[in-house]
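The values are calculated or read from the model by the stated rules, or taken from the named source; none is laboratory data. Here the structure is a predicted model, which is why all the values come from computation and not from measurement. Glycine also receives a Cβ, built like all others from the backbone with ideal geometry; neighbour counts cover every protein chain displayed. Side chains are part of the model used for accessible areas, which takes the heavy atoms of the whole protein and leaves out ligands, DNA and RNA. Shrake-Rupley method; radii C 1.70, N 1.55, O 1.52, S 1.80 Å.
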Amino acid sequence: MTKMPEKERAVGMYRRMYQIRQYEETIYYLFLEGIMPGTIHQSHGQEACAVGMIYDLRKEDYILTTHRPAGHDLAKGVSLRSMLCEMFGKSEGCCKGKGGAMHTGDLSVGAVTANAIVGGNLPIAAGVALRCRMMKTDNVAVCFFGDGASNEGAFHEALNAAAVWKLPVVYVCENNLYSATTSIRLTCSLEHVAADRGSAYGIPSEVVDGNDVLAVNEAAARAVGRARNGEGPTILELKTYRIGGHSRNDACGYRPEEEEQEWFAKDPIHTFRKRLLDEGVITEEELVKIEEEITEEIDAEVEYAKNSKDPAPESALRDVYWEGGTL
Amino acid sequence: MAEMSVADALKLAIQEEMRRDETVFCLGEDVDIKGGMGGAFTVTKGLLDEFGPERVINTPIAEILIAGVCVGAGMTGMRPVADLQYGDFLFCMMDQLVNQAAKMCYMSGGKVHIPMVMRAPCGATNRGAQHAQSLESYFIHVPGLKVICPSTPYDAKGMMKQAIRDDNPVLVFEHKLLYGSSRKEKDAVRTSGEVPKEEYTIEFGKAAVRKEGTDVTIVANLLMSYRAQEAAKALESEGISCEVIDPRSLVPFDYETVERSVKKTGRLMVVHEDTYNGGWGAQVAAHFAEYCIFDLDAPVKIVAAYDTPIPFAAPMENFVIPSVDRIKEAARELAAF
């Protein structure tokens, strides 16, 4: 059993997880209503992974995320407004409408532009980590990827180099059991697709309950600590589950109902909420108030984003090469 | 001024930039191992002694990693200079170059940028099909990448320094027969030339007129610019005056200099070692068909490698790659049109 931190910290984590949940659910409904353009790959169900890993990172630390980036980006401090504006393809979006749902980020808060090529961010994380060391900082890179990425060649090349160069990087596999719609059982013979491969590269690995924000946070402290101290990379494999499908309109017909029920019972937000109440950290009234505040803020930002300016069509011709823009 | 080879000019450029800017560093497989060659062609030999293993990084044979490290380090403020040994290995890192390096600035709305230099030795040199290709044309198709191809020591130094200072990903195609390095290559061209001692850089998108002429404009890069000059010299005795233009960079491309020349000659030939189909010569031809058709008195000629993988045996390799004779023949046809 993990140890409950003091109230401010515990509630801070809950607040962030709840924000991610509300954000994702809001987007899902906007999408169903036909208001939200583009495609969506949602992270609800995996909030404990994002928040547990990122809660204690510094602004100067970097995260590298995937096609399912919202939880990570929000946890790292990318602004809600710039995220929602990007989802709507607006010029105030964090990528000025040029990125979209799979490329959100804000390097000024250490959130590298999200990467929609599975496994593509692992070698980039090695480069970011190398920079942290070359510039003689003790900052670290935390690289998220899914179970599917562990079968990419880039995974092997990045982990091997991170190990031999002892890079300050944490490789975090969010194993949600499915690579898009294919069960990881069909594509990898290992029980722990990332952690079991650690020994192949000489990288210490841990398997963690990815739905327990405190367990993730404790593992993060160990792994980030090693990276900061120059002890090299760690692989964390967080066992988790998507609430939604791989992407828009995916009804998850490939997931057995009992499996879904078993995982939904372990919902990271419901279980943490219950613990906060059971252990007397916070009262129901206080929690409801926090939840209402978050919902109101998201609703207001959605309205803002919907009504904000579309990018000028010809702005598509800008930014192919760097024009000197700042973060 | 000092006389030096292309290989030494490239090295000097990297060395000077590493001294000037602590964010510049080198990486690559065998980039500088004690007792090794300094990359495959001596360009980075000796840098380890001066800058140490923190800034001269020997990597695993892992092209995805090499390019990915450039992207990650570049976007966070470094200026990586990677050596690929053989440009053919670019294909092993295509995702990192095309989906990552080239698109990151754009996808981020111009907030993130990636200074990085990818050095790709190219050209057919009796090594068979997988250590021989001229791949420039693949990359001119990718918005977000710059593509340069310096062919003289002067250009090599000035353009390499410019590439390292550029805030975007730059692919540098270096021809194996033009290095003039201590690693001897059969059929190598003697490229040794004067390089100023004082600091200079060469802006991209400025072609160099290697020889002036009035009858036929020949645009040729890397090794082909030398062969075109040789052909042009020989054709003087036949009364055919060729102007030879070395584009030096393909992205950006200096159409203006070529247009000016074609206004004078009315005849255009492009020569490249890359294969014919979809080669950069086709892009130049398309430009003239679209914008300058009335300046042309004859159809555009493209003299390129035949559309085969590069064969090993010298008689076949020499047959596939454009020769001085093929260039001369094409020029005669153009002049007679």
Quickly run through the stretch B:187-228 and pick out the residues that are open to solvent by 30 Å² or more (accessible area, probe 1.4 Å) and within 18 Å of the chain's Cα centre (by Cα). B:A188, B:V189, B:R190, B:S192, B:T201, B:E203, B:K206, B:V209, B:R210, B:Y226, B:R227
Out of B:M78, B:M4, sole residue that is crowded, with 18+ Cβ neighbours inside 10 Å, in contact with a strand residue (DSSP E or B) (Cβ under 8 Å, 6 or more places away or on another chain) and closer than 29 Å to B:K111 by Cα: B:M78
Looking for something within 21 Å of A:A70 (Cβ to Cβ), of a type in the set (G, A, S) and in contact with a Ser or Thr (Cβ under 9 Å, 6 or more places away or on another chain) - is there at least one such residue anywhere in the stretch A:176-193? yes
Considering only the stretch A:37-122, give the helices (runs of 4 or more DSSP H) lying wholly within it that have at least 1 residues that are more than 14 Å from chain B (Cβ to nearest Cβ) and over 20 Å from A:A10 (Cα atoms). A:70-76, A:80-87
Single unsatisfied condition, A:G230 versus (1) away from chain B (no Cβ under 14 Å); (2) more than 30 Å from A:G38 (Cα to Cα): (1)
Leading residue by the ranking (most open to solvent (accessible area, probe 1.4 Å)) among those in the stretch B:133-186 that are within 14 Å of chain A (Cβ to nearest Cβ) and farther than 16 Å from B:L250 by Cα: B:R165
On the phi < 0 side of the Ramachandran plot, assigned by TED's automatic domain parsing to the domain that holds B:F91 and modelled with pLDDT under 95 - does that describe any residue in the stretch B:15-29? yes
Name the residue that is surrounded by the most Cβ atoms within 10 Å (Cβ to Cβ), counting only residues in the stretch A:147-182 that are part of a strand (DSSP E or B) and out of contact with any strand residue (DSSP E or B) (no Cβ under 6 Å at 6 or more places or on another chain). A:Y178
Residue pairs, Cβ under 6 Å, 6 or more apart or interchain, first in the stretch A:291-319 and in contact (Cβ under 8 Å) with a residue 40 or more places away in the chain, second among the aromatic types (F, W, Y) and part of a loop (DSSP other than H, G, I, E, B). List them. A:A305/A:F88
Within the stretch B:272-337, which helices (runs of 4 or more DSSP H) (wholly inside it) include 3 or more residues that are farther than 29 Å from B:H131 by Cα and open to solvent by 50 Å² or more (accessible area, probe 1.4 Å)? B:280-291, B:324-336
Here the residues within the stretch B:91-105 that are at the interface with chain A (Cβ under 7 Å from one of its Cβ atoms) and surrounded by fewer than 24 Cβ atoms within 10 Å (Cβ to Cβ) are B:D95, B:N99
Given (1) more than 25 Å from B:L12 (Cα to Cα); (2) part of a helix (DSSP H, G or I); (3) not charged (D, E, K, R), B:H113 misses just (2)
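Tell me, which residue of the stretch B:47-66 that is aliphatic (A, V, I, L, M) and more than 7 Å from chain A (Cβ to nearest Cβ) is surrounded by the most Cβ atoms within 10 Å (Cβ to Cβ)?
Residue satisfying both the conditions and the ranking: B:I66.
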